[in-house]
Amino acid sequence: MQRVKWHDGLSVGVDEIDGQHRALFKAVNAFLDSVESASNMDDVAVVITFLEEYLEVHFETEERAMIEHGYP
């Protein structure tokens, strides 16, 4: 499977959010690696759990930033 790659064109210009986006790209690629190897489903479960938890934090961060900047 093709991996996702971060590049500066994806930056939103907010360091905290851009850092979280980079971490999400890394986690998605780790998920793809674990699915492809499929030697240990525990590895897949660990990445899925991380993504579930991290996405919740990430979306809370984005929502807070939007409210702080008056974004509709």
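In degrees from 0 to 90, rounded to the nearest 10, what is the angle of the helix 15-37 Cα long axis to the longest principal axis of the chain?
Here the helix axis deviates by roughly 20 degrees.
Any idea what the dipole of region 21-68 comes to, in debye rounded to 20, about its Cα centre with Lys/Arg Cβ at +1 and Asp/Glu Cβ at -1? Before the final figure, lay out each step's value.
Details: 3 positive and 11 negative charges, 39 e Å.
Roughly 180 debye for region 21-68.
For the Cα atoms of the chain, what angle does the longest principal axis make with the long axis of helix 41-68, in degrees from 0 to 90, nearest 10?
0 degrees
Using DSSP to call loops (not H, G, I, E or B), can you name the trypsin sites (Lys or Arg not before Pro) in region 1-67 whose Cβ has at most 13 other Cβ atoms within 10 angstrom? It would help to have the intermediate numbers written out before the result.
Details: sites: 3, 5, 22, 26, 64; in loops: 3, 5.
Counting only loop positions with at most 13 other Cβ atoms within 10 Å, the trypsin sites (Lys or Arg not before Pro) in region 1-67 are 3, 5.
Since every read-out is calculated from the coordinates, none of them should be taken as a lab result. All figures in this text were calculated on a predicted structure; none of them were measured in a lab. Every residue, glycine as well, gets a Cβ built from its backbone with ideal geometry; the counts of neighbours run over all protein chains shown.
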